[in-house]
Amino acid sequence: MTGLDEVRGALTPWFGAKLGGDVSIADLKRHAEGWSWQTYTMTVVADGVEHGFAVRREPESGLLEPYDIEGQYRLHRAVVDHSDVPMPGLRWLEMSPDVLGMPFFVMDRVEGAVPVQWAGDDPEIFPDEATRAAMGHHFIEVLAAIHNIDPAATGLSAPATTDEAALTRIAHWESVYEESFLVEVPLTRWLIGWLRNNIATSGRLGLVHGDYRIGNFMVNGSRIVAVFDWELAHIGDPIFDVAWGAMPLFRGRTQLASQLLEVDDYLDRYAKASGHTIDPEVYHFWLMYGHLRAVVPQIRAARVFEDGAPDLRLGAMGHQYLYVLKQLSRELGWR
């Protein structure tokens, strides 16, 4: 179910049961920035009182299968309850597919704007460089706060060591690659081997967001007011998040980590905010792993499109893996 009229028709009685009284839904929008979960925002009017809500619906299929909406809901609750990481207020979890065709959960709607990597010079979000820098400073503060959450509070399974976490992640993405490629991509195969032979981790286990970068948070002015897209969260080495946010893929036409801060400043600020220095060898390992994490979903997108998914964005995304491999070649100093 994706049509707005269908969604409105299904959610109106559902919200009526939750809120009581006469209910209507206005300002219903589907947000198309994401590639997997479906996100809708709306104003629900119940007996004349307005409520702003956001709905996250599990997709029938997507790039990041398998999906675990109960786990996402529990993790969201844990982050809200055990940190000051900016998160939308959490409302209800609906496991029955009878409402929207798939399970979903409801959050409070947060007001603000989402900076995206293809519009890093948007004057409404970045009116001046001081705003960009202040946003970058808060970006680091929030990342350190995520990494300070007690892993035991998250409900996520924990590996014994960060080396084990790294090997598990590599094996997972190798498996996705094996299931997805249309033609063999030799550099991707080489990268998997390189990663296995060059494990370098910090030894520090923590909650890893898994996709913390420009495009996955909302701002109001220069302050982050919500962090989104936790479906790749896991217990592992927090330095992956640091490297991921600085990936060339998210720098646009700049040399700024997530188009916010110079990389050296970014790394220095994280070390100060977290109280943990960053070993260059460990950072390089996770940056290399980040290229695998970037390229395999793009190869997967090509497979999903080839198999008949009617979303042209997937075909376009499948083409982008060539650019990630070019960035990897530059990281290695290859021409």
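Computed quantities for the displayed model
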item: Highest-fluctuation residue, 261, 28, 287 considered, GNM on the chain with Cα pairs under 10 Å; result: 28
item: Along each principal axis, Cα extent of region 201-282, largest first, Å; result: 35, 27, 22
item: Prolate/oblate/rounded label for region 116-188 (Cα gyration tensor, a/c 1.5); result: oblate
item: Sites residue 255 and residue 92, calculated FRET efficiency, Cβ-Cβ separation with R0 51 Å, nearest 0.05; result: 0.70
item: For region 120-125, 3J(HN,Hα) per residue [Karplus equation, 6.51 cos²θ - 1.76 cosθ + 1.60, θ = phi - 60°, Hz, x = Gly/Pro]; result: x, 10, 4, x, 6, 8
item: Base-10 log of normalised Debye intensity for the chain (one unit scatterer per alpha-carbon) at q = 0.07, 0.08 Å⁻¹; result: -0.30, -0.39
item: Rel. contact order, % - alpha carbon contacts under 8 angstrom, at least six apart, region 117-331; result: 25 percent
item: Residue 178-residue 121 FRET efficiency (beta carbon distance; Förster radius 35 Å; 0.05 resolution); result: 0.35
item: Contour excess over end-to-end distance, with Cα ends at residue 74 and residue 128 and 0.36 nm allotted per residue; result: 15.6 nm
item: Contour minus Cα-Cα distance for residue 22 and residue 268 (0.36 nm per residue); result: 83.2 nm
item: Helix runs (DSSP H) in the chain reaching 30 Å along axis by Cα, Kyte-Doolittle at least 0.0; result: 280-306
item: Long-range amide H partners of residue 91 with built H, under 5 Å; result: 106, 107, 108
item: Scattering profile of region 279-329 at q = 0.19, 0.23, 0.30 Å⁻¹ [log10 I(q)/I(0), Debye over alpha-carbon scatterers]; result: -0.61, -0.76, -1.02
item: Kirkwood Rh, Cα atoms: Rg over Rh of region 4-108; result: 0.96
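Every read-out reported here was derived from the displayed coordinates using simple, explicitly stated rules and does not represent laboratory data. Computed from a predicted model, the values in this text were never measured in an experiment. Reconstructed Cβ throughout: ideal geometry from the backbone, glycine too, with neighbour counts over all protein chains shown.
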